[in-house]
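Participant: Let me give you the structure first, and then I'll get to my questions.
The values are calculated or read from the model by the stated rules, or taken from the named source; none is laboratory data. The model shown is predicted, which means the values in this text are computed figures rather than measured ones. With ideal geometry, Cβ positions are generated from the backbone for all residues, glycine too; neighbour counts draw on all protein chains shown. All accessible areas refer to the heavy atoms of the entire protein, side chains included, with ligands and DNA or RNA removed. Shrake-Rupley method; radii C 1.70, N 1.55, O 1.52, S 1.80 Å.
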Amino acid sequence: MDLLGLGTVKQLAEGLAGLPMFPYFDTAHYIVSVMALREQPGALEVSRRSPFACWFSSMLYCFGGAVLSGIILAEAPVAPLANSTNVLLASLMWYLVFYCPLDAVYSCAAVLPVRLVLTGMKEVTRTWKVLGGVTQASKKYENGLFVMIAVGWAKGAGGGLISNFEQLVRGIWKPETNELLKMSYPTKVTLMGAVLFSLQQCRYLPLRTPDLMLIYTVFIVVNKTRMMLLGSSSSPFDTVESALYQTLFARPLTYSPLTNQSQSSTRTPSCPAKPDSKSAPGVSNGLPQTEDQPDCSESESSKKTN
């Protein structure tokens, strides 16, 4: 099904599908990734104390998706390091962002117009990473829909998914920042892309690959640009997520007999009836007074005094 039947849009989709990522888009991806690491709390102190730990963390930010997808597919996790050109380029960007004299590179890249362009180019690479992961999984598991989704998600958002391991490299342990517990916008939008491309790969989605790439790329670039311009961290999925949660996963408060029993057990035991004056001492209503029965003499005297 050729959804984008217009000639100009069709040519744009095919041109985007044939766009090479190296070197410009990959360079933008490395710069934005290393800048994201630099802006983490304590990253500058680590860069001064241990440059090697800082470099290793930067490589996890840049190649975390390829490493995680390789682990899922039982491949060597060091396979991304086999491309020496990309590793050297990422290492150069790491050095310039952290150690450039006068902090010139980071200061220039942090200017809003420049950062918008670099971030938009990085989002373009996200499409290729997700599609590459789905295609890589489909070669081994032809109809493995969930395997395609997992590998595409890992390759597109691996840097966030292994953030806890990266934090350990810098000497930080924050399990509450796990992406599976509280997903960020990049992780959510990457998961959505992995699902779409996997459905298209299995022919459940009647779209051509270039058309889907164009639609997905425009969506993520426009949304990321809007969020940066407005300074908002809210994702466009918040409303849908809230509605789904309230419909499918929220449990209403129900009556619990255990709760009612515990509340009744905490009540003060009532005092027994006043014994008859003719009864024998120590006998209450014909029954001997035991230690378990409450002594109400003090309470009665307090009532009289009040």
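Participant: Could you please tell me which pairs satisfy a Cβ distance under 7 Å, a separation of 6+ or placement on different chains, a first residue in region 157-174 that is touching a residue at least 24 places away in the same chain (Cβ under 8 Å) and over 19 Å from Val32 (Cβ atoms), and a second residue that is assigned to a helix (DSSP H, G or I) and among the aromatic types (Phe, Trp, Tyr)?
Facilitator: Val169/Phe56
Participant: In this structure, does Lys139 turn out to be out of contact with any strand residue (DSSP E or B) (no Cβ under 9 Å at 6 or more places or on another chain), over 30 Å from Pro51 (Cβ atoms) and of a type in the set (Lys, Arg)?
Facilitator: In short, yes.
Participant: Let me ask something else about it. For region 137-148, enumerate the residues that are part of a loop (DSSP other than H, G, I, E, B) and either within 17 Å of the chain's Cα centre (by Cα) or without any contact (Cβ under 8 Å) to a residue 12 or more places away in the chain (or both).
Facilitator: Tyr141, Glu142, Gly144
Participant: Of the residues in region 154-189, how many are of a type outside the set (Val, Ile, Thr) and within 19 Å of Pro210 (Cα to Cα)?
Facilitator: Residues in region 154-189 being of a type outside the set (Val, Ile, Thr) and within 19 Å of Pro210 (Cα to Cα): 1 in total.
Participant: Do we have any residue at all in region 26-36 that's aliphatic (A, V, I, L, M), surrounded by fewer than 12 Cβ atoms within 10 Å (Cβ to Cβ) and touching a residue at least 40 places away in the same chain (Cβ under 8 Å)?
Facilitator: No, because not a single residue in region 26-36 is aliphatic (A, V, I, L, M), surrounded by fewer than 12 Cβ atoms within 10 Å (Cβ to Cβ) and touching a residue at least 40 places away in the same chain (Cβ under 8 Å).
Participant: Any idea which of (1) part of a helix (DSSP H, G or I); (2) open to solvent by 70 Å² or more (accessible area, probe 1.4 Å); (3) hydrophobic (A, V, I, L, M, F, W, C) is the one Cys54 doesn't satisfy?
Facilitator: Failed condition: (2).
Participant: Could you say which residue among Val130, Val134, Val151, Val97 is in contact (Cβ under 8 Å) with a residue 60 or more places away in the chain, surrounded by 14 or more Cβ atoms within 10 Å (Cβ to Cβ), outside any loop (DSSP other than H, G, I, E, B) and over 25 Å from the mean Cα position of the chain (by Cα)?
Facilitator: Testing whether each residue is in contact (Cβ under 8 Å) with a residue 60 or more places away in the chain, surrounded by 14 or more Cβ atoms within 10 Å (Cβ to Cβ), outside any loop (DSSP other than H, G, I, E, B) and over 25 Å from the mean Cα position of the chain (by Cα) leaves just Val97.
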